[in-house]
Amino acid sequence: MNKVYLGNDEIINRIVSSFDKEFFTEPPQYASYRIKYDNCIITIYESKKIMFQGENAGIYAATFFPEKEVILPQCGSDEVGTGDYFGPVCVCACYIDEKIYDSIKQYNIVDSKQLTDAYINKIAPVLIKKVPHSLLILSNRKYNEVIKTNNLNKIKARMHNKCYLNLIDKGYKMPELVVIDDFCGETKYYNYIRYEKNIVRNITFETKAENKYIAVACGAIISRYAFLESMKAMSEQYGVTFPKGAGKQVTEFARNFMKDHDENDLLNVAKYNFKNTEEIL
C-alpha cells in the first residue's frame with residue numbers, strides 16, 4: 001500500500017520528531033528523510049511530498065494526515081511493561097471529549113513506541129493534568145504473587161476493566177466508543193473477567209489502536225511514563241540502571257545483579273516467571 005501527501009514544515013517536523021534516530025535510514029535521491037518502522041517506510045522528499053509505503057502505511061499515514069473526523073467522546077486504554085523483565089506492568093485508561101481534545105490536539109500524540117523517552121517525559125505530565133485517566137501500576141512483587149494463579153492476559157484484562165471502573169467512579173460515563181489495544185480478542189477478554197463483580201462491556205478491540213484513537217495513545221503514553229518513573233525509582237534504590245526488554249543483555253545484567261543481591265531482591269524488581277530467571281539461577 002502506498003499513500004502520498006503534500007506536507008508542510010509543521011507536519012514534517014512532527015513526523016521527524018516522532019521517531020527515534022535508530023529508525024532513520026539513508027534517504028534516496030531528492031529525499032530529506034527515510035524512516036523504517038513497524039512494516040512502514042516513510043519517505044520525506046525535498047519537495048515536501050511525503051510517501052507512506054508498506055503493510056501499515058495506512059495506519060501511520062492516518063496518524064499525521066487524518067482522513068476522517070475524530071469520534072468524540074471516546075475512552076481508550078493500553079498497557080506497558082509486559083515484555084520487560086524488570087519493572088512493573090502499567091495500564092492506563094483515558095477519557096477524551098471535545099473540550100479535552102481541543103486542549104491537547106497540538107501535541108504529538110502517537111504510539112508511545114515511536115516516541116523517545118525524553119519526549120515521553122516531556123508530554124506525559126501535560127496529559128496527566130489535562131486528560132481524565134485511571135492509571136494502575138502492578139509492582140513486581142505483586143505481579144510475582146498473582147502470576148502464580150493467573151496468566152498475563154488475564155492480569156491485563158482485569159487491570160483494563162478496573163481502569164474503566166475507576167473512571168466511572170470518578171464521574172465519567174462510558175461513551176459509545178471505548179477501545180482497547182487488542183491483546184487477546186474480545187471472547188477471551190470477557191472470559192478472563194467473567195467473575196468480576198462489575199464489568200464494562202461494549203468495548204471495541206483493535207490492534208495498533210494507539211495509532212487510530214487518541215484516547216488509547218494517551219493511555220499508552222501515560223503508562224509508559226509511569227513505567228519509566230518506576231524504573232528510575234528502582235535504579236535509585238539499588239544503585240544501578242535497570243535495562244529494558246528481556247534479551248540477552250538483560251539476562252547478563254540480571255546475572256551480575258544477583259552477585260550482590262538475593263532472590264528476595266529479584267522478586268522486587270523482576271518478573272520471576274520470565275525465562276531470564278531460569279538462566280541466572
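Every number here is computed from the coordinates shown, using simple stated rules; none is lab data. Since we're looking at a predicted model, the values are computed, not measured. We place every Cβ from the backbone using ideal geometry, glycine too, and count neighbours over all the protein chains shown.
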Which FRET efficiency value, to the nearest 0.05, is calculated for Phe65 and Gln249 with the Förster distance at 35 angstrom and r the Cβ-Cβ distance?
0.40
In whole angstrom, the spacing between the Cα centers of the stretch 25-46 and the stretch 67-136 equals 27
Candidate cut points under GluC sites (Glu not before Pro) in the stretch 185-281, DSSP loop plus at most 15 other Cβ atoms within 10 Å of their own Cβ, are Glu196
Compute the length gained on full extension between Lys170 and Asp262: take 0.36 nm times their separation in residues and subtract their Cα-Cα distance, giving the result in nm to one decimal.
29.0 nm
Applying a 4.7 angstrom Cβ cut-off across the chain, unpaired cysteine residues come out as Cys40, Cys75, Cys90, Cys92, Cys163, Cys184
How big is the chain in terms of Cα radius of gyration and Dmax, in angstroms?
20.0, 60
Relative to the first principal axis of the alpha-carbon coordinates of the chain, what is the inclination of helix 152-169, with its axis defined by its Cα atoms, in degrees from 0 to 90 and to the nearest 10?
70
Give me D for the stretch 162-281 in µm² s⁻¹, whole number, from Stokes-Einstein with Rh from the Kirkwood sum over alpha-carbon pairs, 20 °C and 1.002 mPa s.
123
Mind checking which of Ser18, Ser223, Ser112 has the largest fluctuation in a GNM of the chain, springs on alpha carbons under 10 Å?
Ser18
The Cα extents of the stretch 2-64 along the principal axes, largest first and rounded to whole Å, are 25, 22, 20
Counting only DSSP beta bridges with both residues in the chain, tell me the antiparallel percent, nearest 5.
80
May I ask which of Lys148/Lys170; Lys148/Lys232; Lys173/Lys197 have a Cα-Cα span longer than 20 Å here?
Lys148/Lys170; Lys148/Lys232
Total formal charge among the other residues, if their Cβ is under 11 angstrom from that of Asn150, Lys/Arg +1 and Asp/Glu -1:
+3
R0 = 35 Å: FRET efficiency of Ser235 with Tyr33, Cβ-based, nearest 0.05?
0.55
Which of the chymotrypsin sites (Phe, Trp or Tyr not before Pro) found in the stretch 142-236 are loop residues per DSSP with 13 or fewer other Cβ atoms within 10 Å of their Cβ?
Tyr195
Once you have the Cα-Cα distance between Arg141 and Lys21, take 0.36 nm times their residue separation minus that, and quote the gain in nm to one decimal.
39.7 nm
Rounded Å value of the spacing that divides the Cα centres of the stretch 151-174 and the stretch 195-244:
13
Between Lys99 and Thr207, Cβ-based FRET efficiency (R0 51 Å, step 0.05) works out to 0.95
Here the averaged projected area of the stretch 1-133, based on the convex hull of its alpha-carbon atoms and given in nm², is 9.1
The stretch 74-233: C-alpha gyration tensor shape, a/c 1.5 cut-off, then a/b vs b/c:
oblate
Under the Karplus relation with 6.51, -1.76 and 1.60 and θ = phi - 60°, whole-Hz ³J(HN,Hα) for the stretch 99-111, x at Gly and Pro, equal 5, 5, 4, 4, 7, 10, 5, 6, 8, 7, 9, 9, 3
